[in-house]
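Taking it in order: structure first as structure tokens, then the write-up.
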Amino acid sequence: MGQFIPLSVPNLKGNELAYVTEAIQTEWVSTAGTYVNDFEKGLADYVHVPRAVACQSGTAGLHLALLTCGVKKEDEVIVPTLTFIAAVNPVKYIGADPIFMDCDDTLTIDPIKLRCFCEEECIVSQEKLINKKTGKHIKAMVVVHVFGNIADMEQIIEIAKQYHLKVIEDATEALGSYYQQGKLKGQFAGTMGDIGVYSFNGNKIITTGGGGMIVSKNTEYLDRCQYLSTQAKDDTLYFVHDEVGYNYRMTNLQAALGLAQLEQLETFIRTKQDNYFKYKKEGIELLSFREGIRSNYWFYSYWTEQRDLLMNYLNEKEIQVRPIWKLIHTLKPYQECQSFRIDKALLYYEHILNLPCSSNLTQENVATVITAIQSFS
Ligand SMILES: *Cc1c(COP(=O)(O)O)cnc(C)c1O
């Protein structure tokens, strides 16, 4: 039996131990401490924005982002169906309703269908997009940059402007991806919409165990996120709270890990990129990332006609592979929600397997996976 090859696991061989040890030795382990500020500053610099707000998870970040964009329980929010459920659940935390959209061939939200939906199923009244079917105000959309791709932000930003939608970027899987060409050249996933969110969960490209970060060009939004993430405290001495807040702030321990990880992010991306092209060179048909972007190569998507057979075959060889997420509009909590002409997502759901992509995969690991796939027939 060979060595187990996991799908995506943390890589903690840099300054992680030193920084976490320092946080413990100085006894700054909670939400105050210099690592939180340093990590925020470091990440903001990396994606070329003035400021970032650290929080407990990507999910918490998305919840804060929706609240900050003014989404209320009587509103609706456009979301993709092909993504991890944490992109959609925060809409429900607020009590608002999601409307599900299809994907394009990059697995991200299809801008053509998005425009069709706005044109055909909605009306614009007093600068508000109103869903004809429900009469409700569609206030925002969550755009997910699936697997390190970037959604078609040129089109999406234009549509959002025309139809008065706030754009929340779920960049939890795409930290480090940026446009290399076009109108948005140089802009990073997460920084193009109204507000963007990263995740540092254990399987993401860098990890803090669990954690998230919110970015925006709008500093009022960031102030609001920070305020809500720290229990909406209006007076720090007398503990006056004018609103119901949340305990969503990142801890110094998490941030110590995060800072050490951030130092290695570009190295991780280079390794992932190398391995991606190694698979491709040996004839493994991985989906391409969008043209004109530098992807972070977070996850590799392999198209197969025999998804479950191949999955079982590889799992038996101790190679962890996984199908993509069951489409959210088909899941129990969301079956009654509105969805719009979803077909492509279904096809990708039925055919894609994610292959091992950790930044600490060895050359032998990659060769083992390639040989195993080639031996399957
Ligand atoms: C990981 C992920 C999240 C949630 O991030 P957490 O930090 O695990 O809460 C949200 N959306 C997508 C698409 C993700 O992959």
Quick one: which of LYS217, LYS204, LYS161 is among the basic types (Lys, Arg) and within 27 Å of LEU12 (Cβ to Cβ)?
LYS204
Specify which of the listed residues (ILE123, ILE94, ILE109) is of a type in the set (A, V, I, L, M) and in contact (Cβ under 8 Å) with a residue 40 or more places away in the chain.
ILE109
Can you confirm whether LYS204 is within 16 Å of the ligand (Cβ to nearest atom), touching a Leu at 6+ places or on another chain (Cβ under 8 Å) and among the basic types (Lys, Arg)?
yes
(1) among the aliphatic types (A, V, I, L, M); (2) under 15 Å from the mean Cα position of the chain (by Cα); (3) part of a helix (DSSP H, G or I): which one isn't true of LEU114, the others all being true?
(2)
Cβ pairs under 8 Å, 6+ apart, first in the range 329-355 and on the phi > 0 side of the Ramachandran plot, second of a type outside the set (Ser, Thr, Tyr) and surrounded by fewer than 20 Cβ atoms within 10 Å (Cβ to Cβ)
ARG341/LYS113; ARG341/CYS116
If I go through the range 178-202 residue by residue, how many of them are within 18 Å of LYS161 (Cβ to Cβ), part of a strand (DSSP E or B) and among the hydrophobic types (A, V, I, L, M, F, W, C)?
1
Scan ALA60, ALA54, ALA86, ALA23 and give me the residue that is within 22 Å of TYR198 (Cα to Cα), at pLDDT 95 or above, in contact with a Phe, Trp or Tyr (Cβ under 9 Å, 6 or more places away or on another chain) and in a helix (DSSP H, G or I).
ALA60
Kindly establish whether GLY14 is over 29 Å from LYS217 (Cα atoms), of a type in the set (Gly, Ala, Ser), surrounded by 15 or more Cβ atoms within 10 Å (Cβ to Cβ) and at pLDDT 95 or above.
yes
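For the range 58-97, give me each residue that is among the charged types (D, E, K, R) and either more than 16 Å from the ligand (Cβ to nearest atom) or touching a Gly at 6+ places or on another chain (Cβ under 7 Å) (or both).
If the condition is that a residue be among the charged types (D, E, K, R) and either more than 16 Å from the ligand (Cβ to nearest atom) or touching a Gly at 6+ places or on another chain (Cβ under 7 Å) (or both), then LYS72, LYS73, GLU74, ASP75, GLU76, ASP97 are the ones that fit.
Applying the selection to the range 268-304, what residues are more than 20 Å from ASN201 (Cβ to Cβ) and polar (S, T, N, Q)?
Just the residues of the range 268-304 that are more than 20 Å from ASN201 (Cβ to Cβ), to begin with: 270, 273-294, 302-304.
Within the range 268-304, GLN273, ASN275, SER288, THR304 meet the criteria.
Can you spot a residue in the range 258-274 that is assigned to a strand (DSSP E or B) and either within 18 Å of the chain's Cα centre (by Cα) or modelled with pLDDT of 95 or more (or both)? Lay out the reasoning, then the answer.
So in the range 258-274, the residues assigned to a strand (DSSP E or B) come out as none.
No: zero hits.
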So which residues in the range 312-339 are among the aliphatic types (A, V, I, L, M) and over 20 Å from ASN275 (Cβ atoms), if there are any at all?
LEU327, ILE328, LEU331
Scope the range 277-297; condition in a helix (DSSP H, G or I) and surrounded by 13 or more Cβ atoms within 10 Å (Cβ to Cβ); matching residues:
LYS278, TYR279, LYS280
Can you tell me which residues in the range 232-246 are out of contact with any Asp or Glu (no Cβ under 7 Å at 6 or more places or on another chain) and either touching a residue at least 40 places away in the same chain (Cβ under 8 Å) or not in a strand (DSSP E or B) (or both)?
THR236, LEU237, TYR238, PHE239, GLU243, VAL244, GLY245, TYR246
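In the list GLY245, GLY193, GLY211, which residue meets the criterion of being within 14 Å of the ligand (Cβ to nearest atom) and either small (Gly, Ala, Ser) or in contact with a strand residue (DSSP E or B) (Cβ under 8 Å, 6 or more places away or on another chain) (or both)? Outline the logic, then answer.
Details: GLY245 fails: within 14 Å of the ligand (Cβ to nearest atom); GLY193 fails: within 14 Å of the ligand (Cβ to nearest atom).
When all the criteria are applied, what remains is GLY211.
From the list VAL29, VAL9, exactly one residue is touching a residue at least 24 places away in the same chain (Cβ under 8 Å), not assigned by TED's automatic domain parsing to the domain that holds ILE205 and not in a helix (DSSP H, G or I). Which is it?
On the way: VAL29 fails: not assigned by TED's automatic domain parsing to the domain that holds ILE205.
Only one candidate passes the filter, namely VAL9.
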Of the criteria (1) within 12 Å of the ligand (Cβ to nearest atom); (2) in contact with a Phe, Trp or Tyr (Cβ under 6 Å, 6 or more places away or on another chain), which one ALA151 fails
(2)
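Please verify whether the range 358-373 includes one or more residues that are closer than 30 Å to GLY182 by Cβ, assigned to a loop (DSSP other than H, G, I, E, B) and modelled with pLDDT under 95. Break it down stepwise before answering.
Let us first name the residues in the range 358-373 that are closer than 30 Å to GLY182 by Cβ, namely 359.
When the remaining residues are screened for being assigned to a loop (DSSP other than H, G, I, E, B), the result is 359.
Checking which are modelled with pLDDT under 95 leaves us with none.
No, that holds for no residue.
The values are calculated or read from the model by the stated rules, or taken from the named source; none is laboratory data. Everything numeric here is computed off the predicted structure, so don't read it as measured data. Note that we place each Cβ from the backbone using ideal geometry, even for glycine, and neighbour counts take in every protein chain shown.
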